[in-house]
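Student: One structure, pasted below without further comment.
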Amino acid sequence: MAEEHSNLDPEDWSQFRAEAHRMLDDMVDALAQLRQRPVWQPASEAVRALFDAPLPTAGQPLAQLHEQCMQSILPYVVGNAHPGFMGWVHGGGTPVGMMAAMMAAGLNVNAGGRNQIALDVEQQVVRWMRDLLGFPATADGVLTGGTSAATVIALVSARNEALDAGGELSRLVAYASTEVHGSLRRALMVIGLDAAVQLQAIDCNAQLQIDLSRLEAQIAEDRAAGLQPWLLVGSAGTVNSGAVDDLSALAALARAHGLWFHVDGALGALAMLAPEIAPRLRGIGNADSLAMDFHKWGQVPYAAGMVMMRDGAQHRRHFMAAEHYLQRDAQGLAGHSPWPCDFGIDLSREFAALKVWMTFQAYGSARLGRMIARGCRLAADLAARLAAMDDVELMAPQSLNIVCFRYCGGAYDEVALDRINRELVRRIQLSGLAAPSLTCMGGRAVIRVALVNHRTSLQDIDRLLATMQSALEATLAGDGRIGEG
Ligand SMILES: *Cc1c(COP(=O)(O)O)cnc(C)c1O
C-alpha cells in the first residue's frame, strides 16, 4: 500500500486545478442559466437519504463530490438566487460576491483581530455605512452573521449602560411596534430579559408604523408604575409589510424620555443608497445603535450583517477582550488594535468584509441603489395591478418592496378563504415558476411578495400573476387538491 500523502494539499496540483475550474464553470453556468431551472423544488426522499450516511472513514475524489453537489444539492436549495423568488426577504447574491467568497475561503483569514489588512477592509466597509447612514465619526461597528446577531450585540451595550446608570434588569422595559421582527424578542431573551413581559408591543397606525401617541402614553404609564422605560426600537422596513417607522420622531422621543434608540435596518437601511427612497429613512443616523444586513438588499452572498454603535468607545468598554493571550502591542502581529473581537461576541470570524467590500467596489453604490429603487417600483406596480382585480384585496399598504394581498372572491367564508390562500401559495411554490410566501395579518392568511432579488423583472411579475391565475383555477376546481399540510 502506498504511503498516504503527508498533508491535505493535492498530490497533483494540475489535476486539482482542472477539477476546480470545472467547479467554477458549473457555478458560473448555474448563475447564467438560472431561469432554465425551477425557482424551487422539494428534494425527494431518495436524495434526502444521501445525507443520512455515516461519517466516512476514507476520502473520495473531488470530482465525485463535485458531481454530488451538482446532482443532489444545487437543485434543492431554497432558490433565492432565482428571479422568480419572492418569498420572505432574501437577497439574490451576485457572481462577484461568489468570487469574493472563494477568495476569502482561499485566504482563510481569521478576521477576529491581529495586525492584518483584513481589518482595514472591514473598517472601510463600516465607515462607508457610517457615512451613508449619517452616523458621527465617533460611531463604530463590526460585521456579523446577520441582523439577529447584530441586535444581540447592540442590546448588550444598551443593557449594560442602563445597569451602570443604576437600572434594575427586571424593571427595564423595551418598546417596539407589534410589527417588529422576532429577532428582537430573541435578543431580549439572550440578554436576560423576559420578552413576554418586558417588551411592550405598541399598536400601529394605518400605515403599519408604530403609533407615536400610544407609545408615549405607554411610556408614561410604565414609568408611573415604577418600571424603567429603557429601549425604543424602530423598524427601517418591517419584515411583514415593509413599513418604515417615523425614525426621526422616534429618535426625538427616545431622547426626550431618556431611552436607548435602536433601529432594525435589516431590510431597509441600504435604501439610503436610493436617492428617491432615502428621505423616508430620515432620522436613521440619530440611532444609538443599528443592525442591518448586506445579504438582503445588498445582494452580498450569505451571510453578512453589521451592527453600528453611535458611541464606539462606550461599546468597546463592554466588549473589550482582555485575556492574556489576546494582549496588544504597538508593533508586530498583536498591533492594529482595536480588533473586531472587541466589538462583538465572536473571536474567530470569517472574512465576510471581503464579499461586502468587493460587491460595493464592483457595482458601485449608485447601481446598487438603482436595483433597490427598481424593486420598490415593481412592488408599486404589482400592488396597482392587484388592486385593480375584482377578487383580490391588498392586505397592507404597499411600502418599499413588499406587497401583501389575498384572494377574496366567491361566496366563501373566512375559513375557506384562508384555506384557499394557503393552497394558492403552496401551488405557486410547487409550480417552480414563482415563489411568494405566506404570512398572517389580522388573523387572516395573506400572500406576501417581497422583491429583494436584483434579477427580478417585470417578466417575473407577469409570470407570478399568470401562475397565480392557474393555481386559483386549480384550487377552486378542487383539482388534485393539496391538503392542509
Ligand atoms: C431579516 C430580518 C431580520 C433578521 O435578520 P437576519 O440577518 O436574518 O438575522 C430582522 N429584521 C428584519 C426587518 C428583517 O427583515
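The values are calculated or read from the model by the stated rules, or taken from the named source; none is laboratory data. Quick caveat, the model's predicted, so the values are computed rather than measured. Cβ placement follows ideal geometry from the backbone for every residue including glycine, while neighbour counts extend to all protein chains displayed. Accessible surface areas use protein heavy atoms only, side chains included; no ligands, DNA or RNA. Shrake-Rupley method; radii C 1.70, N 1.55, O 1.52, S 1.80 Å.
Student: Does any residue of region 242-265 turn out to be modelled with pLDDT of 95 or more, within 13 Å of the ligand (Cβ to nearest atom) and acidic (Asp, Glu)? Lay out the reasoning, then the answer.
Tutor: Taking region 242-265 first, the residues modelled with pLDDT of 95 or more are 242-265.
Now drop any that are not within 13 Å of the ligand (Cβ to nearest atom), which leaves 242-245, 262-265.
Then keep just the ones that are acidic (Asp, Glu); that gives 245, 264.
Within region 242-265, one or more residues are modelled with pLDDT of 95 or more, within 13 Å of the ligand (Cβ to nearest atom) and acidic (Asp, Glu).
Student: Can I ask one more? When only residues in region 84-137 that are touching a helix residue (DSSP H, G or I) at 6+ places or on another chain (Cβ under 7 Å) and polar (S, T, N, Q) count, which is nearest to His324 (Cα to Cα)?
Tutor: Gln124
Student: Which condition does Arg316 not pass, out of (1) part of a helix (DSSP H, G or I); (2) of a type in the set (Lys, Arg); (3) farther than 30 Å from Asp246 by Cα, if it passes all the others?
Tutor: (3)
Student: Still on this model: List every residue pair whose Cβ atoms lie under 8 Å apart, where the two residues are 6 or more positions apart in sequence or sit on different chains, the first residue falls within region 362-382 and is open to solvent by less than 50 Å² (accessible area, probe 1.4 Å), and the second residue, located anywhere, is assigned to a helix (DSSP H, G or I) and not aliphatic (A, V, I, L, M).
Tutor: Pairs found: Leu368/Thr359; Leu368/Phe360.
Student: Cβ-Cβ below 6 Å, separation at least six or inter-chain, first residue in region 247-268 and touching a residue at least 12 places away in the same chain (Cβ under 8 Å), second away from the ligand (no atom under 15 Å from the Cβ) and in a helix (DSSP H, G or I): which pairs?
Tutor: Ala249/Leu212; Ala251/Asn286; His257/Ile219; Trp260/Ala158; Phe261/Ala251; Phe261/Ala254
Student: Out of all the residues in region 383-404, which are of a type in the set (A, V, I, L, M, F, W, C) and in contact (Cβ under 8 Å) with a residue 12 or more places away in the chain?
Tutor: Answer for region 383-404, where residues must be of a type in the set (A, V, I, L, M, F, W, C) and in contact (Cβ under 8 Å) with a residue 12 or more places away in the chain: Ala383, Leu386, Val392, Met395, Ala396, Leu400, Ile402, Val403, Cys404.
Student: Quick check on region 190-231: of everything there that is of a type in the set (S, T, N, Q), touching a residue at least 12 places away in the same chain (Cβ under 8 Å) and within 21 Å of Pro397 (Cα to Cα), which residue is most open to solvent (accessible area, probe 1.4 Å)?
Tutor: Gln207
Student: Only one of these is closer than 26 Å to Gly268 by Cβ, modelled with pLDDT of 95 or more and in a helix (DSSP H, G or I): Asp460, Asp418. Name it.
Tutor: Of the residues listed, the single one that is closer than 26 Å to Gly268 by Cβ, modelled with pLDDT of 95 or more and in a helix (DSSP H, G or I) is Asp460.
Student: Test Ala187 against the criterion of being without any contact (Cβ under 8 Å) to a residue 60 or more places away in the chain and within 12 Å of the ligand (Cβ to nearest atom), and give yes or no.
Tutor: Answer is yes for this residue.
Student: Yes or no: region 387-399 includes at least one residue that is open to solvent by 50 Å² or more (accessible area, probe 1.4 Å), part of a helix (DSSP H, G or I) and out of contact with any Lys or Arg (no Cβ under 8 Å at 6 or more places or on another chain).
Tutor: Yes, the conditions are met somewhere in region 387-399.
Student: From Ala154, Ala150, Ala176, Ala165, grab the single residue that is open to solvent by 20 Å² or more (accessible area, probe 1.4 Å) and either without any contact (Cβ under 8 Å) to a residue 12 or more places away in the chain or under 14 Å from Val233 (Cβ atoms) (or both).
Tutor: Exactly one of Ala154, Ala150, Ala176, Ala165 is open to solvent by 20 Å² or more (accessible area, probe 1.4 Å) and either without any contact (Cβ under 8 Å) to a residue 12 or more places away in the chain or under 14 Å from Val233 (Cβ atoms) (or both), namely Ala165.
Student: Within region 266-280, track down each residue that is of a type in the set (D, E, K, R) and away from the ligand (no atom under 16 Å from the Cβ).
Tutor: Answer for region 266-280, where residues must be of a type in the set (D, E, K, R) and away from the ligand (no atom under 16 Å from the Cβ): just Glu276.
Student: In this structure, is Arg349 of a type in the set (Lys, Arg) and either closer than 26 Å to Leu400 by Cβ or free of Cβ contacts under 8 Å to residues at least 40 places away in the same chain (or both)? Talk me through it step by step, then tell me what you get.
Tutor: Working: of a type in the set (Lys, Arg): yes; either closer than 26 Å to Leu400 by Cβ or free of Cβ contacts under 8 Å to residues at least 40 places away in the same chain (or both): no.
Judged against the criteria, Arg349 is not a match.
Student: Assuming Pro83 fulfils every condition listed in (1) open to solvent by 40 Å² or more (accessible area, probe 1.4 Å); (2) within 27 Å of Gly364 (Cα to Cα); (3) in a loop (DSSP other than H, G, I, E, B) apart from one, which condition is it?
Tutor: With (1) open to solvent by 40 Å² or more (accessible area, probe 1.4 Å); (2) within 27 Å of Gly364 (Cα to Cα); (3) in a loop (DSSP other than H, G, I, E, B) applied to Pro83, the lone miss is (1).
Student: Of all residues in region 192-206, how many are of a type outside the set (Asp, Glu) and away from the ligand (no atom under 16 Å from the Cβ)?
Tutor: 9
Student: Next question. Just need a number here: residues in region 99-138 that are of a type in the set (A, V, I, L, M, F, W, C) and open to solvent by 50 Å² or more (accessible area, probe 1.4 Å).
Tutor: 8
Student: For region 421-453: of the residues being polar (S, T, N, Q) and outside any helix (DSSP H, G or I), which is most open to solvent (accessible area, probe 1.4 Å)?
Tutor: The selected residue is Thr439.
Student: Then there is this: Output the strands (runs of 3 or more DSSP E) that fall wholly within region 199-310 and possess 3 or more residues being among the hydroxyl-bearing types (Ser, Thr, Tyr), or say none.
Tutor: No strands (runs of 3 or more DSSP E) qualify here.
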